[in-house]
Amino acid sequence: MLRKMSVTVLLLSLGTALAAPVTARAQEAPDVQTIVNKANVAAYYQGDDGRATVRMVITAKGGRTGERVFNIVRKDVQDGGDQKYFVYFQRPADVRRMAYMVHKHAGTGKDDDRWLYLPALDLVRRIAAGDKRTSFVGSDFLYEDVSGRSLEEDTHELAQTTETHYVIKNVPKKPETVEFGYYNVAIDKTTFIPMKMEFYDKQGKLYRTIESTKVETIQGFPTVTQSVVQDHKSGSKTEMTFSNVRYNIGVGEIFEERYLRRPPQEVTK
């Protein structure tokens, strides 16, 4: 999702998908906080701002598909810190003109502010902090995936080092506020892009996976341009493709509630 595009952004022991553990090199790995900080910047903070068009295809267990197309615009207040996001839906008709905005508060302990505009009702509603891990417009992505989970909400452990990836185990500090017990993230050792995330429930069973399936270099920034999330319980999946990705475009002060009803051209075109 732009968010250093990712979406979102979104990883675990990868078995044969990654090379075997390299114990000799494990000692050479950066400390875990350095790794997660670099991954956070690579996933969500490329450039000072950014914009992309996102096509989201939702596939139910039985094979029925649905589509969402939207523009997403991001502006950093501080690199690695506060950010602002604006999402504007173009199609299908039932979500057209819907708008979603996030004011992300990183490293402050304060909950992010989220708003959703529903054009059919001409209603702007706040999304409560407790709803951030619910479905994003009917997809397998969550509201929290759009702008990313705050690093301060979890403890981080370097669980494994392979030839190509660092695998970080993340455990929530407030387990009562989330549905997962922990999640693992495989981070590319060269680009620090999170390549795969695997979420485990409170019983330790894998139930959700997010994978970066295509990474391209755009304006010098490694950028996730395709990603997929799978819900292993429901059997559904959602694929996202990012196009028209641009960084450092000089986004203005568009992240105000009044713009949700009448968004500027920066997000509609």
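Coordinate-derived values only; no laboratory data. What you see is a predicted model; the values in this text were computed from it and never measured. Reconstructed Cβ throughout: ideal geometry from the backbone, glycine too, with neighbour counts over all protein chains shown.
Considered as a group, the residues in the range 236-256 that are under 13 Å from A52 (Cβ atoms) and of a type in the set (S, T, Y) include one that is surrounded by the most Cβ atoms within 10 Å (Cβ to Cβ), and that residue is Y247.
Taken as a whole, the structure places V73 among residues that are in contact with a helix residue (DSSP H, G or I) (Cβ under 6 Å, 6 or more places away or on another chain) and within 25 Å of Y247 (Cβ to Cβ). Scanning the range 198-225 for residues that are under 16 Å from A52 (Cβ atoms) and either of a type in the set (K, R) or surrounded by 15 or more Cβ atoms within 10 Å (Cβ to Cβ) (or both) yields S212, K214, V215, I218, F221, P222, T223, V224, T225.
The set of residues in the range 88-102 that are more than 16 Å from P263 (Cβ to Cβ) and not acidic (D, E) comprises P92, A93. If you go through the range 198-246 and keep only what is under 26 Å from P264 (Cβ atoms) and more than 17 Å from the chain's Cα centre (by Cα), you end up with I218, Q219, N244, R246.
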